[in-house]
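Heads up, the thing below is written out as structure tokens.
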């Protein structure tokens, strides 16, 4: 994540992993979520914060999930079920359950299918928000598989040349296991920046860089600006302008809709603004394609080559997708998860409201 | 494609589709390629030109394929074979055959598997160049499936912050069938621009825009320049700079390596500069996920919504991936394929050399 999104040290409070897990689980349970599902949802959020993906951890998302349960937009006890199935595929109706809780079962189904026929593809519709989809891709990587997860939600991104939004920020995540290097883990919106980055930027007082958003007529904003009010901007596809390749970000966002929304038999938010996510889970059993050891050794060589590549002038080192997340996880497991003091205040308020013990900080 | 890449009308010669097919087939046969394979290779190249993807049609690619056969880098009669297989997956050793010729059999195998278990994934290694991979994705779309094709080759793209290249331009293509709208067809390099665009720009005398390439130390070139000499630049990942999201283009390029190169049990060019492509073919049987009619009707509504979205100021209309390709195909089937006069000269030279009839122009 760019420096500008970090919580400034003066506003930072560190929270132990275990304490965050307990409090988040308890909050989910108070929303009516059964114990095991609450534990799974808390795991997804806390792992996301451990990996340094603040945009999709407790800070931005938990309050919105709590609001969703309170407003009955989220179903705490969904009867999710498979509506169509083949040996390598399935489509799941999530029955309004929270995506971060149902992503686990969906990816486990994909993994199970991959074990039988080499690959498993599961689409899921009618869920709440999916959080950081990299978490689900990682589930497959831990089983010696390549994992992919994509999700489509909302209508905030303007297609190239368009004056109005038609697509979500539609992230793509891919994970693959290496031997001794930290795993490959890519997880990124197909827009120039994720919507949640704007919330984070507002909280830490950071400006938006040129090319990150459009004005409310679809024109790319080409100077640095403060975070605008929600109605005053749209997001741009990765590439920002046609000349720099925004048609590619636009096409990738549509790819996510095709593999998630349309393959599940549903419509994008532009045509059906129901606020329900559509997602795609893929597990590729490495052993069905090649020797697992060969795969891991080869990926190891590449990841090591990438991180030891000489840096360009003005840069300290070359990273690979998954390396900063791994480093953040080591630090945060040992030293706690840094939360903004405003987020701690929110925890204090919600735990008081729900008659739960306060979140323990370090 | 941006205006600047079009062949200037004064340099353009139109060639009928059928005449181009015959000549290209005959050239492949003179290289030792069996008749059926030659017809299939010509079909891929000519369809690519019909779709307006000049970068990957006869102009740039055929001469390089001919040189490959002459230098024995390409095997005209490959004994390609499946080295590992599961009900939903396979890995193919292409035995040095040209990728544009073997992409067809690889995608047909993926389609056959998808018909049985809902999804088919095939990786192929040890092939020559794959051409415009959108062609193979379209093969699945014609069978009421979603098709994906990706390919990894060469070492020309600098990772974010790096001073040296480590990745190929690694394109991703996705195709999906609609009902009455032209099909969705996305096909784009994960670098800011495809390497072949540089050849095309040089031929038509166009400059490169800021953010398209790096200097030979990995620093993004931020002004408009003429096409540099091959050793003087590298390509940048989609996003161009870290601030604009180059880590996403970099991650997507690595995704292509993971799903193609590593899953096939092989190494990227950065570690094994053998000049052999690794590719990934995926076919998703729509009927295994949802009703085919629902899928097509839903995609139709979205594609129509996209192309009728009000354009932003200064733009004429909104396109969707596949629409300009469809329009080019209608025009070119009727009025011939526009080739640069320099390309016609190359055809005259090669047909004379191989004792073949001259390419018929309009």
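For region A:327-342, taking the residues that are in contact with a strand residue (DSSP E or B) (Cβ under 8 Å, 6 or more places away or on another chain) and part of a helix (DSSP H, G or I), the one that is nearest to the other protein chains (Cβ to nearest Cβ) is identified as A:332. Which ones in region A:166-191 are part of a loop (DSSP other than H, G, I, E, B), at the interface with chain B (Cβ under 9 Å from one of its Cβ atoms) and over 15 Å from the mean Cα position of the chain (by Cα)? A:166, the sole residue that qualifies. Pairs linking a residue in region A:180-208 that is within 17 Å of residue A:225 (Cβ to Cβ) to a residue that is modelled with pLDDT of 90 or more and surrounded by fewer than 18 Cβ atoms within 10 Å (Cβ to Cβ), with Cβ atoms under 6 Å and 6 or more positions apart or on different chains, are A:207/A:224; A:207/A:226; A:208/A:225. Is region A:226-241 home to any residue that is surrounded by fewer than 16 Cβ atoms within 10 Å (Cβ to Cβ), within 14 Å of chain B (Cβ to nearest Cβ) and in contact (Cβ under 8 Å) with a residue 12 or more places away in the chain? No, region A:226-241 has no match at all. If you go through region B:1-57 and pick out every residue that is touching a strand residue (DSSP E or B) at 6+ places or on another chain (Cβ under 6 Å) and surrounded by fewer than 20 Cβ atoms within 10 Å (Cβ to Cβ), you end up with 5.
Scanning region A:256-292 for residues that are without any contact (Cβ under 8 Å) to a residue 24 or more places away in the chain and closer than 30 Å to residue B:83 by Cα returns A:290, A:291.
Look through region A:243-253, keep the residues that are at the interface with chain B (Cβ under 7 Å from one of its Cβ atoms) and under 24 Å from residue B:148 (Cβ atoms), and return whichever of them is modelled with the lowest pLDDT. Selected residue: A:245.
Between B:86, B:42, the distinction of being within 14 Å of chain A (Cβ to nearest Cβ) and free of Cβ contacts under 8 Å to residues at least 40 places away in the same chain belongs to B:86 only. Residues in region B:211-234 that are over 23 Å from residue A:310 (Cα atoms) and out of contact with any strand residue (DSSP E or B) (no Cβ under 8 Å at 6 or more places or on another chain): B:223 alone.
With the condition kept exactly as written, say whether any residue in region B:256-272 is surrounded by fewer than 24 Cβ atoms within 10 Å (Cβ to Cβ), more than 24 Å from residue A:295 (Cα to Cα) and facing chain A (nearest Cβ under 10 Å). There is no residue in region B:256-272 that is surrounded by fewer than 24 Cβ atoms within 10 Å (Cβ to Cβ), more than 24 Å from residue A:295 (Cα to Cα) and facing chain A (nearest Cβ under 10 Å).
Only a single item in (1) over 21 Å from the mean Cα position of the chain (by Cα); (2) under 19 Å from residue B:321 (Cβ atoms); (3) facing chain B (nearest Cβ under 8 Å) is not met by residue A:211, and it is number (2).
For the structure I just gave you, tell me whether residue B:81 is in contact with a strand residue (DSSP E or B) (Cβ under 9 Å, 6 or more places away or on another chain), surrounded by fewer than 21 Cβ atoms within 10 Å (Cβ to Cβ) and within 30 Å of residue A:112 (Cα to Cα). It is true that residue B:81 is in contact with a strand residue (DSSP E or B) (Cβ under 9 Å, 6 or more places away or on another chain), surrounded by fewer than 21 Cβ atoms within 10 Å (Cβ to Cβ) and within 30 Å of residue A:112 (Cα to Cα). What's the number of the condition residue B:277 fails, among (1) buried (at least 23 other Cβ atoms within 10 Å of the Cβ); (2) facing chain A (nearest Cβ under 10 Å)? If we test residue B:277 against (1) buried (at least 23 other Cβ atoms within 10 Å of the Cβ); (2) facing chain A (nearest Cβ under 10 Å), just (2) comes out false.
Of the residues examined, residue B:350 is not one that is outside any loop (DSSP other than H, G, I, E, B), over 28 Å from residue A:265 (Cβ atoms) and either in contact with a strand residue (DSSP E or B) (Cβ under 6 Å, 6 or more places away or on another chain) or within 14 Å of another protein chain (Cβ to nearest Cβ) (or both). Selection of region A:58-74 for residues being at pLDDT 90 or above and surrounded by 19 or more Cβ atoms within 10 Å (Cβ to Cβ) yields A:58, A:61, A:62, A:65, A:66, A:68, A:69, A:74. Selection of region A:285-313 for residues being within 8 Å of chain B (Cβ to nearest Cβ), surrounded by fewer than 20 Cβ atoms within 10 Å (Cβ to Cβ) and over 26 Å from residue B:88 (Cβ atoms) yields A:301, A:305, A:310, A:311, A:313. Flag not set for residue B:141, criterion: within 30 Å of residue A:316 (Cα to Cα) and out of contact with any helix residue (DSSP H, G or I) (no Cβ under 9 Å at 6 or more places or on another chain). Before we move on, is residue B:211 modelled with pLDDT under 90, crowded, with 16+ Cβ neighbours inside 10 Å and on the phi > 0 side of the Ramachandran plot? In short, yes.
The values are calculated or read from the model by the stated rules, or taken from the named source; none is laboratory data. Computed from a prediction, not measured in an experiment: that's the story for all the values here. All Cβ positions, even for glycine, are placed from backbone atoms using ideal geometry, and neighbour counts span all protein chains on display.
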